[in-house]
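Written out below as structure tokens is the structure these notes cover.
Please treat every number below as a calculation from the coordinates, not as lab data. Computed from a predicted model, the values in this text were never measured in an experiment. Reconstructed Cβ throughout: ideal geometry from the backbone, glycine too, with neighbour counts over all protein chains shown.
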Amino acid sequence: MIRLQISKGLQKKIRSGYPWVFKYQVINGPLKGSAGDLGVVYDSDNRFLAIGLVDPEDEICFRVLQRKTPITINESFWEERFKEAVSIREPLKNFQTDGYRVLNGENDGFPGLILDQYGDAGVLKIYSTVWIPYLKVLSNVIQKQLTLKRVVIRLARKITSVCSKQFSIREGDLLFGESSETSVRFLENGLTFEADILEGQKTGFYFDQRENREAIRELALGKTTLNVFCYTGGFSVYALAGKCKSVLEIDSNSWALKSGRRNVELNFSDSKTVSNFSQKKGDAFQELEKLIKQKQSFDLVILDPPAFARNKKEKPSALKAYLKLAEMGASLVKKDGVLFAASCSAPVLSEEFFEVVDRGVRAAGFKFLSFKQSGHALDHPISFKEGAYLKGIFGKVI
Ligand code: SAH
């Protein structure tokens with residue numbers, strides 16, 4: 001087993017749940033071995049601190065599997081871990097939902113690994129080559145504990161080349177099962193969705209917004225709705241299900257708009273609902289500006305952009321973009337209407353985001369009366385500070 005020495009400061013962080021050691025933090029580096037080897041960190045008094053997966057080549061060269069008490073990493077270890085993750089999600093079954101996140105990476109004790117379920121299909125998204133030696137055991141565990149017909153592998157961009165060259169593993173390969181259509185159908189809160197598990201962003205669908213979408217359904221009755229950064233139309237379908245008056249979607253991606261329309265048609269066959277639904281393709285900032293110039297307004301405005309900040313350096317420009325969006329969004333909300341704004345930028349903290357949205361609304365000349373703030377749903381648990389990326393705020397614009 002590879003032994004790692006790290007500073008006292010980092011030991012303390014790891015003891016309290018932080019799951020990574022970066023290459024530059026290893027005192028006895030560079031590490032030897034290959035991706036997926038087990039490594040152990042002892043503290044300065046030579047007591048066991050953590051066992052984890054090593055990749056000497058990766059920036060994150062150690063990913064914690066277990067801290068404080070030593071444990072044997074074998075099939076039954078993975079099985080127990082997996083069982084725990086599955087049992088946390090058990091309540092979702094009561095909500096006519098068979099599309100959800102089964103493994104949320106580090107937060108479920110599977111660092112650098114995501115498993116999403118889409119009906120009877122699964123998508124295993126791999127962010128680190130440490131998992132390559134464990135694919136067989138993962139396949140066994142998944143087949144034992146879930147009733148999936150197949151699981152498709154997706155790879156983070158930074159590992160696609162090495163996976164293909166060194167391990168002959170490519171995007172779309174099957175972990176198990178028979179190859180079939182990449183478009184899959186699933187239920188979320190009783191609504192039907194289709195996602196493309198190979199072409200779609202991340203694993204195909206953003207399950208993390210499920211609870212916010214449900215909140216939109218509850219607010220939507222009779223409302224004219226603007227869904228900005230709509231992607232595959234999740235919020236729109238819920239707003240229509242909540243009997244909103246109309247939905248206008250904006251996204252820059254025509255593929256996303258096409259699948260958004262498909263999701264609306266899957267749930268509503270009556271021509272009246274479909275005719276209340278429209279789309280605009282374009283840059284959200286420009287399209288919002290145009291709508292403001294045209295003096296358009298909506299009862300309900302939804303802003304769910306992509307992550308504007310992926311690291312601390314990008315945070316100032318992300319905050320500016322959130323401010324601008326909130327300002328434009330608020331300018332488009334009818335008097336006493338509702339603005340919902342979300343951020344999935346991990347470096348932007350909830351309080352910072354809520355403050356910037358408030359400032360944006362005020363910059364538009366209104367007040368923001370927040371009545372709901374949201375975070376992570378139960379299939380996206382958080383086990384360490386940096387694992388919390390999603391925040392959303394609902395408020396009246398008065
Ligand atoms: N709200 C969605 C998820 C949004 S993902 C849901 O509930 O599923 C972000 C979306 O923003 C993507 O569909 C992407 O195509 C779109 N996007 C990114 N930059 C954009 C821009 N500048 N203007 C318009 N859309 C943009």
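General observations
- For a paramagnetic label modelled on LEU221 (point 7 Å from Cα along Cα→Cβ), amide N atoms under 12 Å away belong, within segment 243-281, to 243-244.
- The loop-placed trypsin sites (Lys or Arg not before Pro) in segment 1-51, going by DSSP, that have at most 13 neighbouring Cβ atoms within 10 Å of their Cβ come out as LYS32, ARG47.
- Stokes-Einstein diffusion coefficient of the chain, Kirkwood radius over Cα pairs, 4 °C, 1.567 mPa s, in µm²/s: 58 µm²/s
- Average Cα contact separation per residue, the chain, under 8 Å, 6 or more apart, as relative contact order %: 11 percent
- Rg [Å, one decimal], Dmax [Å, integer] - segment 168-231, C-alpha atoms: 15.5, 53
- Value of relative contact order over segment 130-227, rounded to a whole percent, pairs C-alpha under 8 Å and six or more apart: 19 percent
- Annotation: the antiparallel percentage among DSSP beta bridges lying fully within segment 206-397 is about 40.
- Of all beta bridges that DSSP places with both ends in the chain, some 60 percent have antiparallel geometry.
- Additional length obtainable on full extension of the chain from GLU90 to GLN166, 0.36 nm per residue less Cα span: 23.6 nm
- Whole-number D in µm²/s for segment 229-303 (Stokes-Einstein; Kirkwood sum over Cα pairs; 20 °C, 1.002 mPa s): 170 µm²/s
- Per-pair calculated FRET efficiency, R0 = 30 Å: LYS149 and ARG310 via Cβ, rounded to 0.05: 0.30
- Ellipsoid semi-axes in whole angstrom, largest first, where each is sqrt(5λ) of the Cα gyration tensor of segment 75-182: 22, 16, 12
- Convex hull volume per residue for segment 2-67, taking Cα atoms only, in Å³: 68 Å³
- Looking at segment 75-182, the DSSP beta bridges with both ends there are about 70 percent antiparallel.
- The chain - mean residue ellipticity at 222 nm from DSSP helices (-39,500 (n - 2.57) per run, n ≥ 4, rounded to 500): -9500 deg cm²/dmol
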